[in-house]
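**Student:** Sharing a structure below in structure tokens format, with a few things to ask.
The values are calculated or read from the model by the stated rules, or taken from the named source; none is laboratory data. Computed from a predicted structure; not experimentally measured. Using ideal geometry, Cβ is built from the backbone for each residue, glycine included, and neighbour counts are taken over all protein chains shown. Side chains are part of the model used for accessible areas, which takes the heavy atoms of the whole protein and leaves out ligands, DNA and RNA. Shrake-Rupley method; radii C 1.70, N 1.55, O 1.52, S 1.80 Å.
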Amino acid sequence: MTAPTIESILHENRLFQPSSEFSNQAQIKSLQDYEQLYERAKADPVAFWAELAEQELHWFQKWDQVLDWQPPFAKWFVNGKINISYNCLDRHLTTWRRNKAALIWEGEPGDSRTLTYAQLHREVCQFANVLKELGIKKGDVVGIYMPMIPEAAIAMLACARIGAPHTVVFGGFSAEALRDRLNDGKAKLVVTADGGWRKDAIVPLKDQVDKALDDNAAPSVENVLVVQRTHQRIHMEPGRDHWWHDLRQGISSDCPAEPMDSEDMLFILYTSGSTGKPKGVVHSTGGYNLYTHMTTKWIFDLRDTDVYWCTADVGWITGHSYIVYGPLSNGATTLMYEGAPRNSNPGCFWDVIEKYGVNIFYTAPTAIRAFIKMGEHHPKARDLSSLRLLGTVGEPINPEAWMWYYRVIGGERCPIVDTWWQTETGGIMITPLPGAIPTKPGSATRPFPGILADVVDLDGHPVKDNEGGYLVVRHPWPSMMRTVYGDDDRFRRTYWEHIAPIDGQYLYFAGDGARRDDDGYFWVMGRVDDVISVSGHRLGTMEIESALVSHGAVAEAAVVGKPDEIKGEEIVAFVTLESNYSPSEELEKELKKHVVQEIGALARPGQIRFSDALPKTRSGKIMRRLLRSLAAGQEIAGDTSTLEDRSVLDKLREDS
Ligand code: PRX
């Protein structure tokens, strides 16, 4: 683990107050209201969450105990019975929202669809009945490998409805990555599409599924349900593969939501860590429903007339919590877009905002930086006056990008919520409440009520204001991950043992460095472990290294992140070759392609640097700190005395 330094910390003093017009109509209207709420939640988090759970959600049966905390294992709303699909759909059907748009979808080639709550409910029920016909029962894991089409959300809600945990795998992952995840989760069925549109081309999703399942390589999978999207020719394996449009014929749209135990697993979502293969983050039902509901309501300041758009893919946690579950639980209109920013269509996001009159817009800093480069004449040529609130997520936002977003997209009237959270936290943890907390460009500001966040040293002691430290959370919260799927021990080691428990109090360690300023604002400084973020996508350096060494030419590999203006970080791989290979441009290309095949295009190294050896300590550990400096073209600072062979470093420096 790298100790956080404060070298990179920004000294940013600009403060942006929400307008009184915004605050007066907001869910949380002033700093004082936020502080009162925060203090109340801090004094008794259990009572705070219990009150909200009662007020905001439908329970088939009330819980016996709000929190059962056996560190590091939490159970929320013990013995409560609930169904998140019911909370997202059925309960709105008896209100005026029945005919409100639940999901607006804009397809990449310009097709579109709107589903009201009543229509979405019907689709979900039919989908759930088809899953049942294919033998899916409560507790069976279903893999979802889909493009950004309504059926992705429909499949998730259908699984939740019948109590089958889903594991969504981002459509950009390769067949190999998909196979690993299906095997780890022992998925019984895969929902996919013939293909999806991505940046003007078709992603052959079904072909990838075929590859993943070839030679019985994922033996738990019995059936594949295929949604038709791109209409190209695909192979359909008799007995295993079924078209959704065939099976839905004559299927009933009556499918009551299964009362689930609050702690029943809702989904597994794989994410990268600093060691080993990606881990299956397990989320359960009741606490996740409550926390995503409350954070969506207060942070995005939802009003019933809003059109809300989060640009994430449903393959990531942001898509789970803030396209599907949080917004629908609140009865909001959530927009889903199949396209992605690209040079061939530099105004695509702004067109969608104009077309649908989007009021709340939530995206990633990497997208904002790409748009800055494309030029502000694109957004300026569209009517963005419907926007009321902006958000960012996934990585630190640099103040320049923040200011551009504020000025050009928000017209200097929209507050920006810079939201810090993780796959593991289930929902947003540190963020402005937009009507209450003045913002500073680059700071996620203050913790959400009920979240006891802190910055500490390795012994668990709080560090002084403005000093760098480790970001931790002191008290369990409803949507925290429950475990690593099938590996409680890894869960304990990864998140709860880096920082020593003090007086028996366990701290959740997020893997990020942070600083808190004099106003109690948090400044997240990025990962302190070997996790890198490329365009907001989280990748473990070890995963990429394993992919590289699985190629016959590679003897050893070390991967580091290099700062990149748009993507945040770029992947640089230092590689030593087996003796019968020598460096060449072709080999570089081949190795990049190999990583894409093993993991997916998101992990393609920007650079591969061949070397005769890698800098190591005398105990044989690769000194990544030195490689990071080399990749960034910086002077090598700090101690190099533990290097086993100094000439390795000198040689690498000469070659750069
Ligand atoms: O390093 C932090 C960064 O993204 C990590 C979590 O990645 P993932 O699980 O893929 O979830 C991304 C979407 C929630 C964190 O450990 N991160 C996320 N949001 C921010 C951030 N870093 C700084 N500021 C943020 N707002």
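**Student:** Going from most exposed to least, what order do Lys592, Lys440 have by accessible area with a 1.4 Å probe? Walk me through the numbers before you get to the answer.
**Tutor:** Values: Lys592 40, Lys440 15 Å².
Greatest to least solvent exposure: Lys592, Lys440.
**Student:** Could you give me D for region 313-433, from Stokes-Einstein at 25 °C and 0.890 mPa s, where the hydrodynamic radius is the Kirkwood radius over C-alpha pairs? Units µm² s⁻¹, please. Could you put the intermediate results ahead of the total?
**Tutor:** Numbers: Rh = 14.9 Å.
Roughly 165 µm²/s, to the nearest whole number.
**Student:** Now for a separate question. Binned at 10 Å from 0, what are the whole-percent values of the Cα-Cα distance distribution for region 20-82, short to long?
**Tutor:** 19, 37, 29, 13, 2
**Student:** With θ set to phi - 60°, apply the Karplus curve 6.51 cos²θ - 1.76 cosθ + 1.60 along region 228-238 and write out the HN-Hα couplings as whole Hz, x wherever there is a Gly or Pro.
**Tutor:** Each residue's phi maps through the Karplus curve to give 8, 10, 9, 6, 7, 6, 9, 7, 10, 6, x Hz.
**Student:** So, one more: Starting from the Cα of Arg492, step 7 Å along the direction of its Cβ; do the same at Asp111; then give the gap between the two resulting points in nm.
**Tutor:** About 5.1 nm, to one decimal.
**Student:** Enter the mean projected area of the convex hull around the alpha-carbon atoms of region 408-517, in nm², rounded to one decimal.
**Tutor:** 8.1 nm²
**Student:** Considering every Cα-Cα pair within region 187-254, what fraction, in whole percent, is farther apart than 21 Å?
**Tutor:** Details: 621 of 2278 pairs.
It works out to 27 percent of all Cα pairs.
**Student:** Per residue, what volume in Å³ does the convex hull of the Cα atoms of region 99-196 enclose?
**Tutor:** Values: hull volume 8.8 nm³, N = 98.
Roughly 89 Å³ of hull volume per residue.
**Student:** Any idea of Leu213's accessible area? Nearest 10 Å², probe 1.4 Å.
**Tutor:** Using a 1.4 Å probe on the heavy atoms, I get roughly 10 Å².
**Student:** Taking loop as defined by DSSP and a crowding limit of 14 other beta carbons within 10 Å, which trypsin sites (Lys or Arg not before Pro) in region 600-653 fit? Show your work: numbers first, answer last.
**Tutor:** On the way: sites: Arg609, Lys616, Arg618, Lys621, Arg624, Arg625, Arg628, Arg646, Lys651, Arg653; in loops: Arg618, Lys621.
Counting only loop positions with at most 14 other Cβ atoms within 10 Å, the trypsin sites (Lys or Arg not before Pro) in region 600-653 are Arg618, Lys621.
**Student:** Something else about it: What value, in deg cm²/dmol to 500, does the helix sum -39500 (n - 2.57) over DSSP H runs of n ≥ 4 give at 222 nm once divided by the residues of the chain? Numbers along the way, then the final one.
**Tutor:** On the way: 19 runs with 183 residues, N = 656.
Value at 222 nm, helices only, nearest 500: -8000 deg cm²/dmol.
**Student:** In the chain, carbon and sulfur make up what percent of the accessible area (probe 1.4 Å)? Walk me through the intermediate numbers first.
**Tutor:** Working: 11530 of 24780 Å².
About 47 percent, which is the carbon plus sulfur part of the accessible surface.
**Student:** Starting from the Cα-Cα distance between Thr640 and Asp383, subtract it from 0.36 nm times their residue separation and give me the gain in nm to one decimal.
**Tutor:** Values: separation 257, 0.36 × 257 = 92.52 nm, distance 5.56 nm.
That pair, Thr640 and Asp383, stretches by 87.0 nm at full extension.
**Student:** Quick one: accessible surface of Ser611, probe radius 1.4 Å, all protein chains present, in square angstrom to the nearest 10.
**Tutor:** Estimated to the nearest 10 Å², Ser611 gives 20 Å².
**Student:** For Ala613 and Gln32, what is the calculated FRET efficiency with R₀ set at 60 Å and r taken between the beta-carbons, to the nearest 0.05?
**Tutor:** So, using R0 = 60 Å, E works out to roughly 0.50.
**Student:** Work out, step by step, the length gained on full extension between Arg342 and His235: first 0.36 nm times the residue separation, then minus their alpha carbon distance; give nm to one decimal.
**Tutor:** 35.5 nm
**Student:** If you restrict to DSSP beta bridges whose two residues both lie in region 261-342, what percentage is antiparallel, to the nearest 5? Don't skip to the answer; put the middle values down first.
**Tutor:** Working: 6 of 9 bridges.
Approximately 65 percent, going by the DSSP bridge assignments.
**Student:** Right, another one. Select from region 184-215 those trypsin sites (Lys or Arg not before Pro) which occupy a DSSP coil region and have at most 14 other Cβ atoms within 10 Å, ordered by residue number.
**Tutor:** Values: sites: Lys186, Lys188, Arg198, Lys199, Lys206, Lys211; in loops: Lys186, Lys188, Lys199.
Counting only loop positions with at most 14 other Cβ atoms within 10 Å, the trypsin sites (Lys or Arg not before Pro) in region 184-215 are Lys199.
**Student:** How large is the translational diffusion coefficient of region 379-468 in µm² per second when you combine the Kirkwood radius over alpha carbon pairs with Stokes-Einstein at 4 °C and 1.567 mPa s?
**Tutor:** Details: Rh = 14.6 Å.
The diffusion coefficient I find is 88 µm²/s.
**Student:** What's the center-to-center distance, using Cα atoms, between region 494-528 and region 577-656 in Å?
**Tutor:** Each part's Cα centre sits 30 Å from the other's.
**Student:** Another question about this same structure. Arranged from highest to lowest average of other beta-carbon atoms within 10 Å per residue, in what order do the peptides 595-605, 288-298 appear?
**Tutor:** Working: 595-605: 20.5, 288-298: 26.5.
Taking the mean over residues of other Cβ atoms within 10 Å, the ranking is 288-298, 595-605.
**Student:** Give me the mean projected area, in nm² to one decimal, of the convex hull enclosing the Cα positions of region 519-656. Mind showing how you got there, number by number?
**Tutor:** Values: hull surface 39.4 nm².
Computed as one quarter of the Cα hull surface, the answer is 9.9 nm².
**Student:** By the 4.7 Å beta carbon criterion, which cysteine residues of the chain come out unpaired?
**Tutor:** Cys88, Cys159, Cys310, Cys348, Cys414 - these cysteines have no disulfide-compatible partner (Cβ-Cβ under 4.7 Å) in the chain.
**Student:** How large is log10 of I(q)/I(0) for the chain at q = 0.08, 0.09, 0.12 Å⁻¹ when the intensity is taken from the Debye formula with one equal scatterer per alpha-carbon?
**Tutor:** The Cα Debye sum returns log10 ratios of -0.58, -0.74, -1.40.
**Student:** Related question: Please compute one quarter of the surface area of the Cα convex hull for region 301-372 and express it in square nanometres. Walk me through the intermediate numbers first.
**Tutor:** Working: hull surface 19.7 nm².
Quarter of the Cα hull surface area: 4.9 nm².
**Student:** Ok, one more. Going out from 0 in 10 Å bins, what whole percent of all Cα-Cα distances in region 347-394 drops into each bin?
**Tutor:** 26, 60, 14
**Student:** Would you check the accessible area of Tyr86, probe 1.4 Å, heavy atoms only, in square angstrom rounded to 10?
**Tutor:** Tyr86 has an accessible surface of roughly 60 Å² with all protein chains in place.
**Student:** Which pairs break 29 Å Cα to Cα here: Lys42/Lys100; Lys188/Lys279; Lys592/Lys621; Lys188/Lys567; Lys29/Lys373; Lys373/Lys562? Please list the in-between numbers first.
**Tutor:** Numbers: Lys42/Lys100 37 Å; Lys188/Lys279 19 Å; Lys592/Lys621 25 Å; Lys188/Lys567 36 Å; Lys29/Lys373 36 Å; Lys373/Lys562 19 Å.
Result: Lys42/Lys100; Lys188/Lys567; Lys29/Lys373 exceed 29 Å.
**Student:** A further question on this structure: Let me see the P(r) profile for region 1-133: every Cα-Cα distance counted, bins of 5 Å, each bin given as a percent of all pairs.
**Tutor:** Each 5 Å bin holds this share of Cα pairs: 2, 7, 9, 10, 11, 13, 15, 13, 11, 7, 3, 0.
**Student:** While we're here: Could you give the length gained by full extension between Asp650 and Lys355, i.e. 0.36 nm per residue of separation minus their alpha carbon distance, to one decimal place? If you can, show how the numbers build up before the last one.
**Tutor:** Details: separation 295, 0.36 × 295 = 106.20 nm, distance 5.69 nm.
Result for the pair: 100.5 nm of gain on full extension.
**Student:** Mind ranking Asp529, Asp518 by accessible surface for me, highest first, 1.4 Å probe? Let's see the in-between values first.
**Tutor:** Values: Asp529 35, Asp518 115 Å².
Descending accessible area places them as Asp518, Asp529.
**Student:** Zone of Ser20 (label point 7 Å along Cα→Cβ, backbone N under 20 Å): which residues in region 437-478?
**Tutor:** In region 437-478, the label zone of Ser20 (backbone N under 20 Å from the point 7 Å along Cα→Cβ) covers 437-439.
**Student:** Moving to a separate point now. Calculate the spin-label point distance for Asp44 paired with Asp254, positioning each point 7 Å from the Cα along the beta-carbon direction, and give it in nanometres.
**Tutor:** 4.5 nm
**Student:** Once both labels are modelled 7 Å past Cα along the beta-carbon direction, what's the Ile372-Gln505 spacing in nm?
**Tutor:** 3.9 nm
**Student:** Between region 407-459 and region 249-319, how many Å separate their Cα centres?
**Tutor:** 20 Å
**Student:** So what are the ³J(HN,Hα) numbers for region 642-655, from phi and the Karplus equation (6.51, -1.76, 1.60; θ = phi - 60°), rounded to whole Hz, Gly and Pro as x?
**Tutor:** With the stated coefficients, region 642-655 comes to 7, 4, 6, 9, 4, 5, 4, 5, 4, 5, 4, 5, 4, 6 Hz.
**Student:** Which value in Å does the Kirkwood hydrodynamic radius of region 174-290 take, with 1/r averaged over all unlike C-alpha pairs and then inverted? Write out the running numbers ahead of the final one.
**Tutor:** Numbers: mean 1/r = 0.0610 Å⁻¹.
Hydrodynamic radius (Kirkwood, Cα pairs) of region 174-290 is 16.4 Å.
**Student:** Heavy atoms only, 1.4 Å probe, whole protein assembly: order Glu644, Glu395 by accessible area, highest first.
**Tutor:** Numbers: Glu644 120, Glu395 25 Å².
Ranked from most to least accessible, the order is Glu644, Glu395.
**Student:** Hey, how many Å between the Cα centroid of region 344-362 and the Cα centroid of region 153-187?
**Tutor:** 29 Å
**Student:** Tabulate in residue order the Karplus-calculated ³J(HN,Hα) for region 533-549, using 6.51 cos²θ - 1.76 cosθ + 1.60 with θ = phi - 60°, rounded to whole Hz; enter x for Gly and Pro.
**Tutor:** Ordered by residue, 3J(HN,Hα) equals 10, 10, 6, x, 8, 8, 9, x, 4, 5, 4, 6, 4, 5, 4, 5, 6 Hz.
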